[in-house]
Amino acid sequence: MDMDPQISLLHLELFHHWDKETRSTLTYPQIWPVVMQRAFNEDFIMSAILCVAAMHLTTLCPQSTKYQHASMQLMAKTIQLFRKNLSRPFTKDNCEALMGTALLINYISWFDLGFLDGENGINSETRLDLAQDQLFLLSPGIVQVWFQAMPVFIDEGSVFTQMINQNPRLSIEEALVRQGEDPARFVEPFMKIWDDPRYQTWGCTATETTVCGPTSYAWRLLGGLETELSCRGSLPRAPLPSSEGRDEKNKLVYIRDAVLRITTNYTSVDEPDTSFTIESQLARSSFENIIRRMSPLLCCASLKTASETPTHSGIMPQDADIEQWFYGFPILCCGPFAKLMMRGDSRALVFLFHFYHAARILLAPKRCCHVDLMRACGVRATEGDNCNWVCLLYVSVTLVF
């Protein structure tokens, strides 16, 4: 760590805000005390912490420009230092720091709306270019860090292994079923949109090739893990007390071995050659996979919008599960689905509209996820300036809702 850093009173203010306000609003509360301890020895994680605090303050104090300016400077520094430290050997100490920083970068990416400024902004005639969106540019790196770090966490023992036991999607789906709702009810309408020729249009493709390699690699890693877990069968969520310790250890060992097999098989970020037909099939399959995973959130948003009376909190999904599943969405957006967004595919854009609309409905504004609401408002405002885009959204709303 740099022994002569440029520390200002603003940095102290940001750290105080992080400790007193921001940290308690983040998902995975069990990991942040450990991450904070690592921050005192690693510049990159301290920069990430200060950046998230600055972004949080930007949403709370929009009249003050100093927090926004600080967040932009700290974001650039965080990403630069983070990439530099990825070349170090993965040990328990730096794995916790790197994984913690990766999760913070996810928050940072949610906040960053720079791709809406300048030539891609609301006063420009240029179409929206999601290939410049940091939320999707940086997510493949988070996946790769997870695959490198998790075997170390399991072997050495780390609080980060607790993330494996959390399954927010399953919890949300079970709560919806108890409500008499079908968690997958949005899959069919969106697949009708996919097959509708009116939606088979593309926008900008100029910057697509710069990110296809990493995002396809991350997609292959996630697909490999899903295949490994499906071959083994569903992992036990709540084992009997007498066997809980043994089952937990066996599960972690299996996941460690699966991750090692996957990273050994997929050693290259280069994208394999595929024919147009195969690519089209992969795109449709990837789109359906994303819709199936996110459909429970759309169901929750629909229920909350339609309900005129408060629903019993024990029946509806927990806010923590909803928030965590929202934050996992960009990580799923790799491979063929990422290409659809980068190309400006109308079908992907229609889904993003509904996803951000659901975020505005479901996420609590007093938490740090308030940055999600800013993203939802900002993206929708920009997209809404395109007349064709508005017409497209109108059709999609009538089909889906």
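Here the condition is being of a type in the set (Val, Ile, Thr), at pLDDT below 95 and under 30 Å from ASP155 (Cβ atoms); of THR27, THR59, THR126, it holds for THR27 alone. If you check every pair at least six apart or on different chains, which have Cβ atoms under 6 Å apart with a residue in region 231-260 that is in the same structural domain as LEU221 (by TED's automatic domain parsing) and loosely packed, with under 13 Cβ neighbours inside 10 Å first and a residue that is modelled with pLDDT of 70 or more and assigned to a helix (DSSP H, G or I) second? Matching pairs, first to second residue: none at all.
For region 336-366, the set of residues classified as assigned to a loop (DSSP other than H, G, I, E, B) and under 17 Å from THR27 (Cβ atoms) consists of LEU363, ALA364, PRO365, LYS366, listed by residue number. Of the helices (runs of 4 or more DSSP H) entirely within region 1-103, those holding at least 3 residues that are among the basic types (Lys, Arg) and touching a residue at least 24 places away in the same chain (Cβ under 8 Å) occupy 65-85.
Residues that are touching a Ser or Thr at 6+ places or on another chain (Cβ under 7 Å) and either closer than 9 Å to SER47 by Cβ or of a type in the set (D, E, K, R) (or both) within region 60-86 comprise LEU74, LYS77, THR78, LEU81, PHE82, listed in sequence order.
When only residues in region 103-117 that are aliphatic (A, V, I, L, M) and crowded, with 22+ Cβ neighbours inside 10 Å count, which is farthest from SER71 (Cα to Cα)? So that I can check it myself, show each step before the final result.
Restricting attention to region 103-117, the residues satisfying the condition of being aliphatic (A, V, I, L, M) are 103-105, 108, 113, 116.
Those left that are additionally crowded, with 22+ Cβ neighbours inside 10 Å: 103-105, 108.
Details: LEU103: 16, LEU104: 13, ILE105: 12, ILE108: 9 Å.
Step by step, filter region 103-117, then rank; the result is LEU103.
Here PRO140 meets the list (1) outside the structural domain of ILE331 (by TED's automatic domain parsing); (2) touching a helix residue (DSSP H, G or I) at 6+ places or on another chain (Cβ under 6 Å); (3) at pLDDT 90 or above almost entirely, failing just condition (3).
The rows are residues; the columns are (1) charged (D, E, K, R); (2) in contact with a helix residue (DSSP H, G or I) (Cβ under 9 Å, 6 or more places away or on another chain); (3) on the phi < 0 side of the Ramachandran plot.
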site: GLY157; (1), (2), (3): no, yes, no
site: GLN162; (1), (2), (3): no, no, yes
site: GLN166; (1), (2), (3): no, yes, yes
site: SER171; (1), (2), (3): no, yes, yes
site: GLU181; (1), (2), (3): yes, yes, yes
site: ASP196; (1), (2), (3): yes, yes, yes
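Does at least one position in region 189-205 carry a residue that is within 20 Å of PHE147 (Cα to Cα) and at pLDDT 70 or above? No; the residues of region 189-205 include none that is within 20 Å of PHE147 (Cα to Cα) and at pLDDT 70 or above.
The rows are residues; the columns are (1) buried (at least 24 other Cβ atoms within 10 Å of the Cβ); (2) at pLDDT 80 or above.
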{"site": "PHE337", "(1), (2)": "yes, yes"}
{"site": "PHE355", "(1), (2)": "no, yes"}
{"site": "ALA359", "(1), (2)": "no, yes"}
{"site": "LEU363", "(1), (2)": "no, yes"}
{"site": "GLY378", "(1), (2)": "no, no"}
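Of ASN41, ASN85, ASN94, ASN106, which residue is modelled with pLDDT under 95, in contact with a Pro (Cβ under 9 Å, 6 or more places away or on another chain) and not assigned by TED's automatic domain parsing to the domain that holds GLU323? First the steps, then the outcome.
On the way: ASN41 fails: in contact with a Pro (Cβ under 9 Å, 6 or more places away or on another chain); ASN85 fails: in contact with a Pro (Cβ under 9 Å, 6 or more places away or on another chain); ASN94 fails: in contact with a Pro (Cβ under 9 Å, 6 or more places away or on another chain).
When all the criteria are applied, what remains is ASN106.
Of the candidates PRO151, PRO183, the single residue that is crowded, with 18+ Cβ neighbours inside 10 Å and part of a loop (DSSP other than H, G, I, E, B) is PRO183.
The values are calculated or read from the model by the stated rules, or taken from the named source; none is laboratory data. As the structure is a computational prediction, the values presented were derived from the model and not from experiment. For neighbour counting, all protein chains shown are included, and Cβ atoms are generated from backbone atoms with ideal geometry for every residue, glycine included.
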